[in-house]
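Novice: Got a structure for you, questions after.
The values are calculated or read from the model by the stated rules, or taken from the named source; none is laboratory data. The structure displayed is predicted, hence computed values, not measured ones. Heads up, the Cβs are rebuilt from the backbone with ideal geometry, glycines too, and the neighbour counts pull from every protein chain shown. Note: areas computed on protein heavy atoms with side chains; ligands, DNA, RNA excluded. Shrake-Rupley method; radii C 1.70, N 1.55, O 1.52, S 1.80 Å.
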Amino acid sequence: MTSVLYRAPSVTYPKALSARGMYIRDESGKRYLDMSGGAAVSCLGHAQPDVVAAVRKQVGALAFAHTAFFTNEPQERLARRLVERFGDPGARAYFTSGGSEANETALKITWQYWSARGEPDRKIIISREHSYHGNTLGALSVSGNDARRRASAAPLLDWPRIAPCYAHRGRRAGESMEDYVDRVAGELETAILAAGPDRVAAFICEPVVGSSLGVVAAEPGYLQRIRAICDRHGILWIADEIMCGMGRTGTFFAFEHDGSRPDIATLAKGIGGGYQPLAATVLCGKVAGTLEASGFAHGHTYIGHPVACAAGVAVQEVLDREGLLARTREYGQRFGRLLEERFAGHPNVGDIRGRGLFRALELVADRETGRGFADGGRLPAHLMRLAMDAGLICYPGGIEVDGAFVPHIMLAPPMILEESHMQECADKLAVVLDRAFDA
Ligand SMILES: Cc1ncc(COP(=O)(O)O)c(C=O)c1O
């Protein structure tokens, strides 16, 4: 019997007891290879000694001092680091405890920015289908993940959504990639014009879509076109890098791949590496300057938490010292090659994709047509169970396409993984796929 309301109340979860490096152990002693860092969280693996020591030291020195009264050194240091990475000296960082809060903060920043600029009617946030920006009401309102929206039963705001940049399924026969990118980016302009350009506040998207689509990176040129359209209409671009940022794709911010920069970027997951609940909203100098002049009405009890930010600083130090961005690029390529070698011929693998240490297998009922599974909505939970049985932590999800369900398995391993972990992962995945599709 439990007194906990579980995430999925009908599931019986093993009790995690300890973790080290690439593995989590449950109370029965069973070991699980963590190939998704939970949900792209544990970027340094488990029990990284320097981060553990930094957290311990900070708790002893200063566990909490409310930000209404004080600032603290860890948040100052971490903000300096993020602003440097963002590449705009006037930028600022605001620290919360999770991705949803970081996106809610981005929305509050956006609306207050427009109010301060004398355009309070700019309220509409345009987003994309098959996106997830969090479970709080604002963040879920701008999410295009229909399953999560429906399941929440919440009275959500309904704003325009455009198609994602998902060439594998969205590109028409005979359409060049450039034309495709023009067409899907152009949907933003159409949506802005339809909503009324002086009523639109911002556009939000994940530069590399995580769990909602299964690691789908924007095609080259897409984000630059998005930047240009936002600039043309004066609206803000928010890049949700909660899953794909913090080095996961081999650059600190995922948007760097396309040589463009948003007005606001949100980070979570890897920024605290799982050692503390931590998220950040980074806003460009233009927006920060306006809010610093006009004021900013927002806040939570735990913003800028010293221990969370101390963990964040320590994660950054390890990232630099161990050269983990370069390692992510190198091992990401190796991992991508291994997944191709092992699964490209599998009858139920329709696509293998990703960037850096952010990868996914898309699963289909028919490789020729790319058709998904009729009544396949339960496949992600089933795949997760099979993986856990095999001692593998991965992150299954999926979408509806033409009335069938297309599942995927997302992999976002700690950046410290070695060749042996990739092999072990591939062996275990092969068992999972056999068991799932032989049945
Ligand atoms: C892209 C993206 N945005 C926002 C969130 C919400 O973050 P959190 O669960 O920390 O609130 C998630 C969580 O998975 C995410 O993947």
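Novice: If we keep just the residues of the stretch 387-413 that are assigned to a helix (DSSP H, G or I) and without any contact (Cβ under 8 Å) to a residue 60 or more places away in the chain, which is surrounded by the fewest Cβ atoms within 10 Å (Cβ to Cβ)?
Specialist: Among them, the one singled out is D389.
Novice: How many of the residues in the stretch 108-145 are within 12 Å of the ligand (Cβ to nearest atom) and either open to solvent by less than 60 Å² (accessible area, probe 1.4 Å) or out of contact with any Lys or Arg (no Cβ under 8 Å at 6 or more places or on another chain) (or both)?
Specialist: Final tally of qualifying residues: 15.
Novice: What do you reckon, is M384 surrounded by 16 or more Cβ atoms within 10 Å (Cβ to Cβ) and not in a strand (DSSP E or B)?
Specialist: Yes: the conditions hold for M384.
Novice: Still on this model: If you check G210 against the conditions, is it farther than 23 Å from R261 by Cβ, buried (at least 24 other Cβ atoms within 10 Å of the Cβ) and either within 16 Å of the ligand (Cβ to nearest atom) or within 24 Å of the chain's Cα centre (by Cα) (or both)?
Specialist: For G210, the condition - farther than 23 Å from R261 by Cβ, buried (at least 24 other Cβ atoms within 10 Å of the Cβ) and either within 16 Å of the ligand (Cβ to nearest atom) or within 24 Å of the chain's Cα centre (by Cα) (or both) - is not met.
Novice: Among the residues that make up the stretch 326-337, is at least one of them touching a residue at least 60 places away in the same chain (Cβ under 8 Å), hydrophobic (A, V, I, L, M, F, W, C), surrounded by 17 or more Cβ atoms within 10 Å (Cβ to Cβ) and assigned to a helix (DSSP H, G or I)?
Specialist: Yes, the conditions are met somewhere in the stretch 326-337.
Novice: Can you say whether G247 is at positive phi, within 16 Å of the ligand (Cβ to nearest atom) and crowded, with 22+ Cβ neighbours inside 10 Å, as far as the supplied structure shows?
Specialist: Criteria met by G247.
Novice: Mind checking whether some residue in the stretch 281-298 is assigned to a loop (DSSP other than H, G, I, E, B), closer than 24 Å to G37 by Cβ and within 22 Å of the chain's Cα centre (by Cα)?
Specialist: no
Novice: In the stretch 420-436, is there at least one residue being modelled with pLDDT of 95 or more, in a loop (DSSP other than H, G, I, E, B), under 26 Å from E322 (Cβ atoms) and touching a Leu at 6+ places or on another chain (Cβ under 9 Å)?
Specialist: no
Novice: Another question, if that's okay. Report, by residue number, each residue of the stretch 65-91 that is closer than 27 Å to G245 by Cα and aromatic (F, W, Y).
Specialist: Hit for the stretch 65-91 is F86, nothing else.
Novice: Would you call R148 surrounded by fewer than 23 Cβ atoms within 10 Å (Cβ to Cβ) and more than 15 Å from the ligand (Cβ to nearest atom)?
Specialist: No, not satisfied.
Novice: (1) closer than 14 Å to L213 by Cα; (2) out of contact with any Lys or Arg (no Cβ under 6 Å at 6 or more places or on another chain): which one isn't true of L411, the others all being true?
Specialist: Against the list (1) closer than 14 Å to L213 by Cα; (2) out of contact with any Lys or Arg (no Cβ under 6 Å at 6 or more places or on another chain), L411 comes up short only on (2).
Novice: Something else now. Could you check the stretch 49-72 and list, in sequence order, the residues that are open to solvent by 10 Å² or more (accessible area, probe 1.4 Å) and either touching a strand residue (DSSP E or B) at 6+ places or on another chain (Cβ under 7 Å) or assigned to a helix (DSSP H, G or I) (or both)?
Specialist: If the condition is that a residue be open to solvent by 10 Å² or more (accessible area, probe 1.4 Å) and either touching a strand residue (DSSP E or B) at 6+ places or on another chain (Cβ under 7 Å) or assigned to a helix (DSSP H, G or I) (or both), then P49, D50, V52, A53, A54, V55, R56, K57, Q58, V59, G60, A61 are the ones that fit.
Novice: I'd like to verify a number: residues in the stretch 375-400 that are modelled with pLDDT of 95 or more and closer than 20 Å to P347 by Cβ, how many?
Specialist: So the count comes out to 10.
Novice: Exactly one condition in (1) open to solvent by less than 40 Å² (accessible area, probe 1.4 Å); (2) assigned to a loop (DSSP other than H, G, I, E, B); (3) within 16 Å of the ligand (Cβ to nearest atom); (4) not small (G, A, S) is not met by R7; state its number.
Specialist: Every condition holds for R7 apart from (1).
Novice: Going by what's in this entry, would L188 be described as surrounded by 24 or more Cβ atoms within 10 Å (Cβ to Cβ), away from the ligand (no atom under 16 Å from the Cβ) and not in a loop (DSSP other than H, G, I, E, B)?
Specialist: yes
Novice: A follow-up question, please. What do you reckon, is R199 open to solvent by 40 Å² or more (accessible area, probe 1.4 Å), touching a Lys or Arg at 6+ places or on another chain (Cβ under 7 Å) and under 22 Å from F405 (Cα atoms)?
Specialist: Considered against the rule, which asks whether it is open to solvent by 40 Å² or more (accessible area, probe 1.4 Å), touching a Lys or Arg at 6+ places or on another chain (Cβ under 7 Å) and under 22 Å from F405 (Cα atoms), R199 comes out as no.
Novice: On to the next question. Report the residue count in the stretch 414-434 for those that are within 23 Å of G345 (Cβ to Cβ) and either open to solvent by less than 40 Å² (accessible area, probe 1.4 Å) or not polar (S, T, N, Q) (or both).
Specialist: Looking only at that region, the number is 14.
Novice: Let me ask you something else. Only one residue in L33, L44, L78, L107 is of a type outside the set (F, W, Y), in contact (Cβ under 8 Å) with a residue 12 or more places away in the chain and over 23 Å from S211 (Cβ atoms). Which one?
Specialist: It is L78.
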